[in-house]
Every structure is written in structure tokens, then in C-alpha cells.
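Trainee: Below: one structure in C-alpha cells.
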Amino acid sequence: MPQEVRSTLEVRRAAIPVLRGSLVLAVLTACAYRLHLNTAAAGFVFLIAVVLNCLDCGPLAATAVSIVAVGCLDYFFIDPLFTFTVADPVDVAALAALLTSSLLVSRLAARARLEARTARRDRRHLERLYELAQRLLAMDPLRLDPSRLIAAIRDVFDLQAAAFFDAATAELSIAGDAGGDLCEQTREAYILGRDSTEPSRQVAFRRVGTAARTLGTLGVRGLEDEQRMAGPVAALAAAGLERARMVREASRAAAEAQSETLRAAILDALAHEFRTPLATILTAAGGINEARPLRAEQAELAEIVETEALRLSNLTSHLLRVARLDRDQVKASLEPADLTAVIESLVQRYSRQMPERQIVFHADRAVAEVPVDVDLYQVALSQLLDNACRYSPPGSPVKVAVSIACGSVAVTVWNAGSPIAPAERDRIFERFYRGPEARRVPSGTGLGLYVARKIALAHGGSLDLETGAAADGGIAFRLSIPLPAGASGLGDASSCRNSKAS
């Protein structure tokens, strides 16, 4: 509504009580004059009329009617009559008392009326906010989106239009006749990151979000008392969107948990199905080898069958163990073991399985027996060797080095693959995460480094990406587990400081 039209209507609404009060005073004056009422009686009659008239008018109209009442009393009932001259000081005090009483009562009535109007308005606002909250709670969180949100807001508050700019998708949702200005201003309010209100146009813009992040910006047109109500409406919108996000995440987590349970059940079922035929193949291959005499080519084929069946059996056991470690909490059963021999044996096995890679093993010196869960440790180291062979060019070297420092024994696995971007270095240990380089390789689940780190932590150690390996190019991972107290070769303080500095 234009400001000029609004001002005209306000003037008209203020003039009506003045005209009505003046007409009532004229009738009362005529009646009192014919009844020959004295000054005191006429003053009380006029005071009652002024009080009744000011019950539904503003302070200016009440003041105007009070002045008219004083003028009528002075002109018709105070000597000299039919003049505004007052001869007796007592009459002056009476007129002043009437005017003061009228103004005071009018002011008190106006304040009471204003407070009642404010209370009714606040109650109406609370009822609408409660209705909006009820609607948002009744909506399916999985289906709640910005378009349904602003449609509910517009319906509850009877708005001309509402708009929402989604920070996540950079899309603008509109309900009602928003017009180009409301849409653009909603988008600008998000870009500028500020709230604004324009009472003359009955529009308001508020950021919608939590303390952690901003979800978007809400723009409304036609909201009653937009200065006070825009903030609570935006807060309810933020609560509704955040609730929907949390429910979706919880549903996704529940679905993933059910998927993991189903996957574990399938793996357990397949374990028996794989192992039975593999055991049969191994037995048959052993029987063929024992059935002499065999020609050279027959003996070679039987040896290949037995070797590959054994490799497939080990691979199946390894994959099942990795899947179960991902599902269960890793608990290491520590027993003293010659860690150097364990590492060297695993390196030799991968050298036979990966003849196209040059796996080089180096140890500073023999490591004393270390409390370790050999099976788990082999799984973790196998993941590092498998990744090193898989993500490095054919014919390139893979270096495995064992060192002792800072009271721990560390094995570093280096390969000539592409360096990992800084933005991905913290994510490569996440569950199911595969970087851009890993996505080019068909096989892989994104569990290897995740499980390997769980094993390292179960031993009280760590698994880290060695960023210092960038000087030689390639990628290096460092798997460390603590040495027992008092073991030889703990490493002095200087080596510990050098290791931390690197």
C-alpha cells in the first residue's frame, strides 16, 4: 500500500472519533442547558462523555474532544454566559480540573488500549508461529525442501510472496507473486550476508542458518510486524531445514549400517562356498603331483594349478579378514615376534606375486622381538604393499625400509606413483574414500588405508603419509608401532628430534 494512501486513511480514522465526540457533546450541552444544570453537574456529564469517547480513539482525537468539552462548559455554563471569558478564579480551576482529568483519563485509556492491542497482536503472532512449527513437525523430513518450506510460511502468515535462496544449491524457491525485485533482493541479501527490513514496502530479508553455517536467505512480503516477526520465522525455517538434514543423514547412516550387515552376511556365506572348492582343487593338485611319473609339461601345469589355487585361497582369506576388520573393532593379540623376518617374508611373497615391480627391502639393523599381532600386522603391511604396486608404473621400484627411532619401529613403503594433493591427504584414510588417481584403477573399495590405520592404532602406533617423500617424488606411507620398554635400539634423543622434524 502506498505511503500517501496509508496517511490519508489514518487521518480519516482519527477524524471520525473527533466528529463523533463533538456531536455527542453538542447533544449533551443542549440537554444540560434546557435542564438548567449547574457547572459541576455539567462538568461531570462532559467528563463521562469524554471518557467513553476516548475508549476507541487515539490520544490526539481524545485531546481534541477534551478541549471541545471545556469550551462548551465555559461558553454555556460559566458566567458570563455565551463568552469564553471567566470571571471567577474558582471557575478557572474547575475548567483546568476538567481538562486535566479528561487528558489524563484519555492518556490512560489510550495506553491500556495500546497494550491490549499489542497483547492481541502478540498472541496472534505466537499462534501463527506455533502453527508453523506444528506444520514443519508434521511434514515428512525426508521430503521437506525449501519450496515446501516457503509454501507453508506463506500459507500460515497469509503473505503476498515468499522466497528462499538455498546456499547449498544456489537455487531460488518462490511462493506467491514475488516479482523480480523480491527474488533479486533475496539473492543479494545472501551475497552481502546481512539482514534488512523495509517497512514502507512491507518486505524483510533474514539469513537462515545455525551457529555453524548459513543455510540460505529468506525474503518475505506482506508479513505483519515484519521487524519483529521476520527473525522468529527465519529461526523456525532454520530448525525445520536442519531437522530434515539430520533425519536424512540418520536415515543414510542406518541404510549404510544395514548394508554393512548384509554385506558381512554375504561374505560369511561366500567364505564357505569359496573355501570348499579351493580345498578340493588343492587336494586334487597335490594328488596329481604325487601321481608319478608325469611328463615335464604335466608337472609344470599341476604346479601352476596348486600355486594359483593356494594364492586364491590366501587372497580370499585376506579379503574376508579386511571386510571383518572394517566391520568390527580391531583388537590386537600381542605376542613377541621377529618383526624384521615378518616384513621380509611378506616382501618376498609380493616380489613373487608382482614380478613386474622391483621391490627393494632395506633394514637399518635387526629389530629385537616386538609385541605384535602378526596376522593383523601382515594385513596392514599388505595393504601398503598392494597400494604401492597397484598405483605405480610397471617396472618402477617399490622401496620398503625398516628403521628404529623414538622408541618405535617404523616401516616405510615408497612407490613412484603420482603425489597426493594436499586437499586429499587427510581424506585418504577415510572409510570408502578413493582419490582421483585411485578411481582410475577398476579394483579397490577404499577400505585398505582405513583398515591399516585401525590396525596401527590397535597396536598403539600410527599410520601416516610421509610428506617429506616429495623430495624424491612418489608416495610414501610410514607404519609405526612402539617398541617395548628397555628394548635395544630405541633411538636416542637426537634421532627422535630429527624424526619429528622430518
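The values are calculated or read from the model by the stated rules, or taken from the named source; none is laboratory data. These numbers come from a predicted model, not from an experiment. We place every Cβ from the backbone using ideal geometry, glycine too, and count neighbours over all the protein chains shown.
Trainee: Name every residue in the range 177-230 that is out of contact with any strand residue (DSSP E or B) (no Cβ under 7 Å at 6 or more places or on another chain), over 19 Å from residue 146 (Cβ atoms) and either buried (at least 19 other Cβ atoms within 10 Å of the Cβ) or not small (Gly, Ala, Ser) (or both), in order of residue number.
Mentor: Within the range 177-230, 181, 192, 194, 198, 199, 201, 224, 225, 228, 229 meet the criteria.
Trainee: Quick check on my filter: what residues within the range 299-350 are more than 25 Å from residue 280 (Cα to Cα), at pLDDT below 70 and not charged (D, E, K, R)?
Mentor: The answer is 325, 329, 330.
Trainee: Would you mind finding the one in 417, 407 that is surrounded by fewer than 22 Cβ atoms within 10 Å (Cβ to Cβ), within 14 Å of residue 462 (Cβ to Cβ) and in the same structural domain as residue 348 (by TED's automatic domain parsing)?
Mentor: Selected residue: 407, the only one of 417, 407 that is surrounded by fewer than 22 Cβ atoms within 10 Å (Cβ to Cβ), within 14 Å of residue 462 (Cβ to Cβ) and in the same structural domain as residue 348 (by TED's automatic domain parsing).
Trainee: Determine if the range 351-358 includes at least one residue that is touching a residue at least 12 places away in the same chain (Cβ under 8 Å), in contact with a strand residue (DSSP E or B) (Cβ under 7 Å, 6 or more places away or on another chain) and either assigned to a strand (DSSP E or B) or surrounded by fewer than 17 Cβ atoms within 10 Å (Cβ to Cβ) (or both). Reasoning before the result, please.
Mentor: Narrowing the range 351-358 to residues touching a residue at least 12 places away in the same chain (Cβ under 8 Å): 353-354, 356-358.
Filter again for in contact with a strand residue (DSSP E or B) (Cβ under 7 Å, 6 or more places away or on another chain), leaving 357-358.
Okay, now just the ones that are also either assigned to a strand (DSSP E or B) or surrounded by fewer than 17 Cβ atoms within 10 Å (Cβ to Cβ) (or both), so 358.
Within the range 351-358, one or more residues are touching a residue at least 12 places away in the same chain (Cβ under 8 Å), in contact with a strand residue (DSSP E or B) (Cβ under 7 Å, 6 or more places away or on another chain) and either assigned to a strand (DSSP E or B) or surrounded by fewer than 17 Cβ atoms within 10 Å (Cβ to Cβ) (or both).
Trainee: Contact list please: Cβ distance under 6 Å, first residue in the range 136-153 and assigned by TED's automatic domain parsing to the domain that holds residue 235 and touching a residue at least 40 places away in the same chain (Cβ under 8 Å), second residue among the acidic types (Asp, Glu) and not in a helix (DSSP H, G or I), pairs at least six apart or on different chains.
Mentor: Between residues of the range 136-153 that are assigned by TED's automatic domain parsing to the domain that holds residue 235 and touching a residue at least 40 places away in the same chain (Cβ under 8 Å) and residues that are among the acidic types (Asp, Glu) and not in a helix (DSSP H, G or I), the close pairs are 146/166.
Trainee: Among residues belonging to the range 381-404 that are closer than 17 Å to residue 451 by Cα and of a type in the set (Gly, Ala, Ser), point out the one that is surrounded by the fewest Cβ atoms within 10 Å (Cβ to Cβ). If you could, list the steps in order and put the result at the bottom.
Mentor: Within the range 381-404, the subset closer than 17 Å to residue 451 by Cα is 381-388.
Subsequent filtering for residues that are of a type in the set (Gly, Ala, Ser) retains 382, 388.
Working: 382: 19, 388: 27.
Ranking the qualifying residues of the range 381-404, first place goes to 382.
Trainee: Taking the options 194, 143, 187, name whichever one is over 18 Å from residue 207 (Cβ atoms) and not in a strand (DSSP E or B).
Mentor: Answer to the selection: 143.
Trainee: Please pick out the residue among 259, 251 that is modelled with pLDDT under 85, hydroxyl-bearing (Ser, Thr, Tyr), in a helix (DSSP H, G or I) and under 25 Å from the mean Cα position of the chain (by Cα).
Mentor: Just one listed residue meets the conditions, 259.
Trainee: Is it fair to say residue 418 is under 40 Å from the mean Cα position of the chain (by Cα), among the hydroxyl-bearing types (Ser, Thr, Tyr), in a loop (DSSP other than H, G, I, E, B) and at pLDDT 80 or above?
Mentor: The answer is no for residue 418.
Trainee: Additional query: Would you point out which residue out of 51, 70 is at pLDDT 85 or above, β-branched (Val, Ile, Thr) and assigned to a helix (DSSP H, G or I)?
Mentor: Selected residue: 70, the only one of 51, 70 that is at pLDDT 85 or above, β-branched (Val, Ile, Thr) and assigned to a helix (DSSP H, G or I).
Trainee: Still on this structure, please answer the following. Would you confirm, using the coordinates I've provided, whether residue 135 is among the basic types (Lys, Arg) and exposed (fewer than 12 other Cβ atoms within 10 Å of the Cβ)?
Mentor: Considered against the rule, which asks whether it is among the basic types (Lys, Arg) and exposed (fewer than 12 other Cβ atoms within 10 Å of the Cβ), residue 135 comes out as no.
Each row is one residue, and each column tells you yes or no for (1) over 30 Å from residue 229 (Cα atoms); (2) of a type in the set (Lys, Arg); (3) modelled with pLDDT of 85 or more.
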position	(1), (2), (3)
2	no, no, no
20	yes, yes, yes
37	yes, no, yes
41	yes, no, yes
94	yes, no, no
102	yes, no, no
113	no, yes, no
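Residue by residue, here is whether (1) loosely packed, with under 13 Cβ neighbours inside 10 Å; (2) free of Cβ contacts under 8 Å to residues at least 40 places away in the same chain; (3) not hydrophobic (A, V, I, L, M, F, W, C) holds:
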| position | (1), (2), (3) |
| --- | --- |
| 93 | yes, yes, no |
| 98 | no, no, no |
| 101 | no, no, yes |
| 104 | yes, yes, no |
| 118 | yes, yes, yes |
| 127 | yes, yes, yes |
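Trainee: Looking at residue 76, is it touching a residue at least 40 places away in the same chain (Cβ under 8 Å) and in the same structural domain as residue 209 (by TED's automatic domain parsing)? Walk me through it before giving the result.
Mentor: Values: touching a residue at least 40 places away in the same chain (Cβ under 8 Å): yes; in the same structural domain as residue 209 (by TED's automatic domain parsing): no.
Criteria not met by residue 76.
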